[in-house]
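A.B. asks: First the structure, then my questions, so here it is.
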Amino acid sequence: MLMVVKNQIRITILSIKYALMREMLNKTTFITNIVFMILNNASFLIQWIVLFSLKKNIGGYNIKQVILLWGIASLTYGLSHFFFKKAFDLSETINNGKLDVFLVQPKNVLIQAITTDVEPSAIGDMIYGYIMLFIYGISLKNFLLFTLFGICGSLIITSITIIFSSLSFWFQKSDLIVDTVNRLMVNIATYPDGIFKGLTKILLYTIIPVGIVNYIPVKVLTEFNIYLTLISILVTILLVLLSFLIFNKGLKRYSSSNLMIART
Amino acid sequence: MAIIEVNKLSKTFKVKLKEKGLKGSLKSIIKPKYKEIKAVKNISFQVEKGEIIAFIGPNGAGKSTTIKMLTGILYPDKGNIKVLDIDPRQERKKLAYEIGTVFGQKEQLWTHLTPYDNFKFFGAIYDIPESRVEKKIKEFTELFEIEEFINTPVRNLSLGQRIRCEIIASLIHEPKVLFLDEPTIGLDPVVKENIRTLIKRMNKEYKTTIFLTSHDVGDIEKLCKRVIIINNGTVVLDDSMENLKYHYLNKKIVEAKMKEKVNLDDEEGITILKDKGYNLKIEVDTKKRSIADAIKLLNPDNIVDINISNIPLEDIISNIYKKDRK
């Protein structure tokens, strides 16, 4: 069992490494992608600086907390899109029958399918995330917690995406739901907790778990809370397991296709 | 011992029906209609160790579906499959270590990497120790003659070179069964011949069982000793190549150059294929009339030149396809 896990990790790292090598073939595009993503993210912060010059407290957050929120949102987005880029195209992969290649290999189909490509611009998001943490105030504890929440958050985002994408095994087109959920997560992730109330708030801690991905980390980093940290880890584990379960259940309904090209 | 055992295998696809136009689309949202397509119906067959078997049929006959069920890609609805005594449904990964697959229309290689790096990657996928991978790569590089381009990125290779690399990639882990789905599609005759020789050598040297689908009669004729023909999801023929060639249709083609014209109209067991004055091409049904008889009809003294041949395999196969359609 341990050997199986070790070999799986080895092949996953190799796969990501090869995908990264492919992206680096074109040096200029690769670097501009990263730099422009950082600049793009930075531009959003300007509007917050303007807002905070008018009001000291927005939705329960001060400017430092908004910076932290941006940091965690960028890091989770960056990690999930860099390492699991193909998870966000999983619907298409399923509908077009592109899982064949992975099904004839003695490794986990889901992991193989989502780690076969990387998104270079997401490196910009990750760097930006840590720049924000640096501005917020860096310490070893902050750094470790920030990284932990980054990993948890990115796994949650990826799992939710996989779960919705796996619906493609049952209904032809689930990519629309996936896109909507992802866009909602990205859009909401950078607004303070306090501006959402009622039903929206419930949604943010369930189907669109921005609450767990972004708000809990901000809370814990502002004032450490072991329970919230544990809840975050627990939710991550549960969602990851659930995503594997649903994907594997759907895989039995996989219908393949005769379209060409498996890896681009 | 049978290496592949298929027993009463069935697979049905559910396809949504849609009437034409936007109106049809709206209708299908409110009240969707489905049609069941039975891709594979209750088929059974066995393949023995070391065989090279041709699994052929017209487009849409269920070949790919069957191959995909055998390799664990698709989940069958009914029936049993045992490949090397492993059920692909239950132990997909275990089976994957033992089989190799080449799909001529799909690529499994990383196109930006060199064949060498790709082989290393496949070695890792099958958990083969580094030193062993090196040894295998060296062995196959010689066998498949790829020294020239082993360090050129795959995207810069020609189709023939790429297919050779695809085959090597699927052989790195020394599979006991190799599934080849149209491996020679789109290749020129020289490369085709090359690939066929390699497949044959593989079969001889490593005793690999080979399960081949192809539309290329040359592939089938030159490689396989046994043929399974599938049409409309059922096995219509499972026989040795020889039987198929010489007994299935009991027909011979006689081409003769004559001194004088002969009239063979209305002769039983003889069909005139071409009659151009002194050049005659006829088909003799040996069930109804022996070849000797047919030659007597032509009058041996009258014959300048004669050529008696079998019906081309291609015709035999397309006849089987057509007959089954009716």
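A.B. asks: Gaussian network model of chain A, Cα springs within a sub-10 Å range: biggest mean-square fluctuation belongs to which of A:LEU199, A:LEU110, A:LEU184?
C.D. replies: Highest fluctuation of the listed residues: A:LEU199.
A.B. asks: Taking 0.36 nm per residue of separation and subtracting the Cα-Cα distance, what length does fully extending B:GLU260 through B:LYS274 add? Numbers along the way, then the final one.
C.D. replies: Numbers: separation 14, 0.36 × 14 = 5.04 nm, distance 1.55 nm.
Working it through step by step, the gained length comes to 3.5 nm.
A.B. asks: Could you report the protein assembly as shown's accessible area per residue, 1.4 Å probe, as an integer in Å²?
C.D. replies: Values: 29090 Å² over 590 residues.
Result: 49 Å² of accessible area for each residue.
A.B. asks: At 222 nm, what value in deg cm²/dmol follows for chain B if DSSP H runs of at least 4 each add -39500 (n - 2.57) and the sum is divided by all its residues, to the nearest 500? Walk me through the intermediate numbers first.
C.D. replies: Numbers: 10 runs with 105 residues, N = 326.
Using -39500 (n - 2.57) per qualifying helix, the result is -9500 deg cm²/dmol.
A.B. asks: Now for a different question. Which residue, A:SER154, A:SER243, A:SER74, has the most motion in a Gaussian network model of chain A that connects Cα atoms within less than 10 Å?
C.D. replies: A:SER243
A.B. asks: Suppose we compare each residue of region A:91-117 in its chain alone and in the full protein complex with a 1.4 Å probe; which ones drop by at least 30 Å² of accessible area?
C.D. replies: A:ASP100, A:VAL101, A:LEU103, A:VAL104, A:GLN105, A:PRO106, A:LYS107
A.B. asks: Computing the accessible area with a 1.4 Å probe over protein heavy atoms, can you report the carbon and sulfur percentage for chain B?
C.D. replies: Roughly 48 percent, rounded to a whole number.
A.B. asks: Here's a follow-up. If ligands, DNA and RNA are left out, what is the accessible area of B:LEU273 with a 1.4 Å probe, given in Å² to the nearest 10?
C.D. replies: Around 80 Å² of this residue is reachable by solvent.
A.B. asks: For the protein assembly as shown, with the dipole built from +1 on Lys and Arg beta-carbon atoms and -1 on Asp and Glu ones, taken about the Cα centre, which of A:SER243, A:LEU133, A:ILE188 lies farthest toward the positive end?
C.D. replies: The one lying farthest along the dipole's positive direction is A:ILE188.
A.B. asks: Could you state how much accessible area is buried at the A-B interface, both sides summed, with a 1.4 Å probe, in Å² to the nearest 100? Before the final figure, lay out the partial values.
C.D. replies: Details: alone 14140 and 17980 Å², together 29090 Å².
In total, this chain pair buries about 3000 Å².
A.B. asks: How many partner chain Cβ atoms sit within 10 Å of a residue's Cβ in peptide B:105-111, on average, as a whole number?
C.D. replies: Values: counts 5, 11, 6, 7, 3, 7, 4.
Mean inter-chain Cβ contacts per residue within 10 Å come to 6.
A.B. asks: How much mean residue ellipticity at 222 nm does chain A get from its helices, if each DSSP H run of length 4 or more adds -39500 (n - 2.57) and you divide by all residues, to the nearest 500 deg cm²/dmol? Before the final figure, lay out the partial values.
C.D. replies: Details: 12 runs with 185 residues, N = 264.
So the helix-based figure for chain A works out to -23000 deg cm²/dmol.
A.B. asks: A further question on this structure: How large is the charge dipole for region B:250-310, taken about the Cα centre, if only the Cβ atoms of Lys, Arg (+1) and Asp, Glu (-1) carry charge, to the nearest 20 debye? List each step's numbers first, then the result.
C.D. replies: Numbers: 12 positive and 12 negative charges, 42 e Å.
Approximately 200 debye in magnitude.
A.B. asks: Another question, then. Which of these, B:ILE146, B:ILE37, B:ILE199, has the largest mean-square fluctuation under a Gaussian network model of chain B (Cα springs below 10 Å)?
C.D. replies: B:ILE37
A.B. asks: Once you charge only the Cβ atoms, +1 for Lys and Arg and -1 for Asp and Glu, what is the size of the charge dipole of chain B about its Cα centre, to the nearest 20 debye? If you can, show how the numbers build up before the last one.
C.D. replies: Values: 58 positive and 48 negative charges, 381 e Å.
Computed charge dipole of chain B: roughly 1840 debye.
A.B. asks: If you restrict to DSSP beta bridges whose two residues both lie in chain B, what percentage is antiparallel, to the nearest 5?
C.D. replies: Beta bridges within chain B, antiparallel portion: roughly 70 percent.
A.B. asks: Something else about it: Whenever you get a sec, compute what percent of the accessible area on chain A sits on carbon and sulfur atoms (1.4 Å probe). Show your work: numbers first, answer last.
C.D. replies: Details: 9170 of 12640 Å².
That fraction is 72 percent.
A.B. asks: Over all alpha-carbon pairs in region B:1-101, figure out the percentage whose distance exceeds 16 Å.
C.D. replies: Working: 3180 of 5050 pairs.
Tail of P(r) above 16 Å: 63 percent of Cα pairs.
A.B. asks: So, one more: What number does the protein assembly as shown give for Rg over Rh if you use C-alpha atoms and the Kirkwood radius?
C.D. replies: Details: Rg = 31.4 Å, Rh = 28.1 Å.
Rounded to two decimals, Rg over Rh is 1.11.
A.B. asks: Still on this structure: Can you give the local net charge around B:GLN105? Use residues other than it whose beta-carbon is closer than 10 angstrom to its beta-carbon, Lys and Arg +1, Asp and Glu -1.
C.D. replies: Working: positive: B:LYS106; negative: B:GLU107, B:ASP181, B:GLU182.
Taking every other residue near B:GLN105 into account, the sum is -2.
A.B. asks: With label points built 7 Å along Cα→Cβ from the Cα atoms of A:THR206 and B:ILE295, find their separation and express it in nm.
C.D. replies: Inter-label distance under the simple model: 8.9 nm.
A.B. asks: Taking each pair of different alpha-carbon atoms in region A:26-251 once, compute 1/r for the pair, average those values, and report the inverse of that mean as the Kirkwood hydrodynamic radius in Å to one decimal.
C.D. replies: On the way: mean 1/r = 0.0548 Å⁻¹.
Result for region A:26-251, one decimal place: 18.2 Å.
A.B. asks: Also: Rounding to the nearest 10 and keeping the result within 0 to 90°, find how far the Cα-based axis of helix A:226-251 lies from the longest principal axis of chain A.
C.D. replies: Helix A:226-251 sits at roughly 20 degrees to that axis.
A.B. asks: What list of ³J(HN,Hα) values in whole Hz, one per residue of region A:35-49 in order, does the Karplus curve 6.51 cos²θ - 1.76 cosθ + 1.60 (θ = phi - 60°) give from phi, with Gly and Pro shown as x?
C.D. replies: 4, 5, 5, 5, 4, 4, 5, 4, 4, 5, 5, 4, 5, 5, 4
A.B. asks: Taking K and R as +1 and D and E as -1, what net charge do the other residues with C-beta under 9 Å from the C-beta of B:LYS207 add up to? List each step's numbers first, then the result.
C.D. replies: On the way: positive: B:LYS49, B:LYS176, B:LYS204; negative: B:GLU205.
Summing Lys/Arg as +1 and Asp/Glu as -1 gives +2.
A.B. asks: Can you list the residues of region A:10-30 whose accessible area drops by at least 10 Å² going from the chain on its own to the full set of protein chains, with a 1.4 Å probe?
C.D. replies: Buried on complex formation: A:ARG10, A:ILE11, A:LEU14, A:SER15, A:TYR18, A:MET21, A:ARG22, A:LEU25.
A.B. asks: A further question on this structure: Along the positive direction of the dipole of chain B (beta-carbon charges: Lys, Arg +1; Asp, Glu -1; about the Cα centre), which of B:TRP110, B:ILE199, B:ILE37 reaches farthest?
C.D. replies: B:ILE37
A.B. asks: Roughly how many whole Å is it from the C-alpha centroid of region A:22-96 to that of region A:164-191?
C.D. replies: Centre-to-centre (Cα) distance: 18 Å.
A.B. asks: Quick one: check the C-alpha center-to-center distance for region B:82-109 versus region B:268-326, whole angstrom.
C.D. replies: 45
A.B. asks: Same structure again: At 0.36 nm per residue, minus the direct Cα-Cα distance, what do A:ILE231 and A:LYS249 gain on full extension? Give it in nm, one decimal, please.
C.D. replies: Numbers: separation 18, 0.36 × 18 = 6.48 nm, distance 2.66 nm.
That works out to 3.8 nm of additional length.
A.B. asks: Sum up the charges of everything whose Cβ sits under 12 Å from the Cβ of B:GLN90, counting Lys and Arg as +1 and Asp and Glu as -1, but leave B:GLN90 out.
C.D. replies: Details: positive: A:LYS252, B:LYS82, B:ARG89, B:ARG92, B:LYS93, B:LYS94; negative: B:ASP85, B:ASP87, B:GLU91.
Combined, the nearby Lys, Arg, Asp and Glu give +3.
The values are calculated or read from the model by the stated rules, or taken from the named source; none is laboratory data. These numbers come from a predicted model, not from an experiment. Here Cβ is always computed from backbone atoms with ideal geometry, including for glycine, and neighbour counts include all displayed protein chains. Please note that ligands, DNA and RNA were not included when accessible areas were found on the heavy atoms of the full protein model with its side chains. Shrake-Rupley method; radii C 1.70, N 1.55, O 1.52, S 1.80 Å.
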